[in-house]
Protein chains: 2
Amino acid sequence: MANILHRIGIKSSSLDDVYRALTTRDGLAGWWTEDTEGEGNQVGDIIKFRFGAGGFDMKVSELKSPAHVTWEVVAGHEEWIGTRINWELKQEGDYIIVLFKHLDWREPVEFMHHCSTKWALFLMSLKSLIEQGKGAPNPYDVKIDNWN
Amino acid sequence: MANILHRIGIKSSSLDDVYRALTTRDGLAGWWTEDTEGEGNQVGDIIKFRFGAGGFDMKVSELKSPAHVTWEVVAGHEEWIGTRINWELKQEGDYIIVLFKHLDWREPVEFMHHCSTKWALFLMSLKSLIEQGKGAPNPYDVKIDNWN
C-alpha cells in the first residue's frame with residue numbers, strides 16, 4: 001500500500017473554522033471543487049465531489065469535532081476506490097496544523113504522483129480560504145500538468 | 001519504507017532545458033535554493049543545498065541525459081540521510097512530464113508530511129522557472145506552515 005502525506009499550517013486560532021471547511025458543503029466548495037453536493041458532518045454522510053472530467057463520492061467514516069475527519073472513497077476513479085482520506089487538525093502557536101493522508105493506494109501509479117501534487121495545491125487553497133477568505137477550488141484550481 | 005511522489009508537466013519541448021535545471025548549479029539555484037554549491041552533471045558529484053535553517057548534501061548516483069537523475073542524501077537532516085531522490089523526464093505532447101520520487105524514508109514522520117508539500121511547491125517553482133524564466137527558490141519560496 002502507498003500513501004500520500006502532506007502538512008500545512010493555517011494562520012488561525014479557530015480549529016472550528018478549519019473543521020467546518022472539511023465538513024460542510026460550502027466549506028468544501030470553497031477550496032476543493034465548487035461542484036460539491038452533500039454535507040460531511042455526520043458519520044455515514046456521502047459527499048459528491050465533481051470536476052470537469054469526473055469525480056469522487058466520499059463516505060464520512062470517522063469524525064471527532066474539531067480535530068479528526070476520515071473519508072472512504074466509495075465511487076470514482078478506479079485507483080481511488082477503497083482508499084481513505086484522513087485529516088488531523090491541531091493548534092501549534094499561531095497556526096492550525098493540518099496533517100493530511102490519502103491512504104491505501106494499491107500501487108504507486110503515475111496518477112498517484114499527479115494526485116499527490118494536486119493535493120498539495122488544494123491544501124494551499126484551503127489555507128488561502130481560511131487566511132484570505134478565498135480559495136482556488138475547481139474550476140479555478142492551479143493546473144500542474146497535462147492531466148489538470 | 002515510505003516515499004514521496006509527485007508529477008508536474010512543464011510546457012516545453014526541450015528535455016535538455018529541464019535536465020540542465022536539475023544538473024547545474026545555476027539551474028538548481030533557480031528553483032530550489034539560491035544557496036547551492038557544486039554541479040550535478042557527473043556521477044559522484046556532491047551538490048550542497050543550503051537553506052536558512054540547514055541543508056542537504058546530495059551525491060549524484062545515477063545520470064542518463066536528458067531523462068534520468070538520482071541523488072543520494074549524504075548529509076543533512078537525520079531523517080533524510082540515506083534517502084534517494086529520483087527524477088524521470090519524458091515528453092508528452094506539449095509538456096515535459098517530470099516524475100519525482102523521494103524514496104526510502106524510514107518512517108512517515110510529521111517532517112515527511114511537511115517535505116512532501118514543500119516538494120510540490122518547489123516543483124511548481126521548477127515549472128515556473130522553465131515556463132516563465134523565474135522560479136521561487138529559497139529564500140523566496142512559498143511558505144506552507146510554521147516550519148517553513
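Would you check if residue B:21 is more than 30 Å from residue A:104 (Cα to Cα) and within 12 Å of the chain's Cα centre (by Cα)? So residue B:21 passes the test.
The single condition from (1) away from chain B (no Cβ under 14 Å); (2) open to solvent by 40 Å² or more (accessible area, probe 1.4 Å); (3) more than 13 Å from the chain's Cα centre (by Cα); (4) touching a residue at least 12 places away in the same chain (Cβ under 8 Å) that residue A:84 fails is (3). Applying the condition of being of a type in the set (Val, Ile, Thr) and part of a strand (DSSP E or B) to segment A:17-40 and asking which residue is farthest from residue A:132 (Cα to Cα) yields A:36. Here segment A:48-81 is the region considered, the condition is being away from chain B (no Cβ under 14 Å) and among the charged types (D, E, K, R), and the residue that is nearest to residue A:138 (Cα to Cα) is A:50.
Residues being among the basic types (Lys, Arg) and within 8 Å of chain B (Cβ to nearest Cβ): count how many of those fall in segment A:107-142. Lay out the reasoning, then the answer.
So the first thing to find is which residues in segment A:107-142 are among the basic types (Lys, Arg), and the list is A:118, A:127, A:134.
Within this subset, residues satisfying the condition of being within 8 Å of chain B (Cβ to nearest Cβ) are A:127.
Residues flagged as among the basic types (Lys, Arg) and within 8 Å of chain B (Cβ to nearest Cβ) within segment A:107-142 amount to 1.
Under the condition of being open to solvent by less than 30 Å² (accessible area, probe 1.4 Å), within 14 Å of another protein chain (Cβ to nearest Cβ) and either hydroxyl-bearing (Ser, Thr, Tyr) or under 17 Å from residue B:145 (Cβ atoms) (or both), the residues counted in segment A:1-43 number 9. Taking the criterion of being within 11 Å of chain B (Cβ to nearest Cβ) and open to solvent by 60 Å² or more (accessible area, probe 1.4 Å), the residues of segment A:93-106 that qualify are A:93, A:94.
The rows are residues; the columns are (1) part of a strand (DSSP E or B); (2) under 13 Å from the mean Cα position of the chain (by Cα).
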residue: A:42; (1), (2): no, no
residue: A:49; (1), (2): yes, yes
residue: A:61; (1), (2): yes, no
residue: A:66; (1), (2): no, no
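The values are calculated or read from the model by the stated rules, or taken from the named source; none is laboratory data. Values in this document were obtained by computation on a predicted structure and should not be read as measured data. Note: ideal-geometry Cβ built from the backbone for every residue, glycine included; neighbour counts use all protein chains shown. Only protein heavy atoms, including side chains, enter the accessible area calculation; ligands, DNA and RNA are left aside. Shrake-Rupley method; radii C 1.70, N 1.55, O 1.52, S 1.80 Å.
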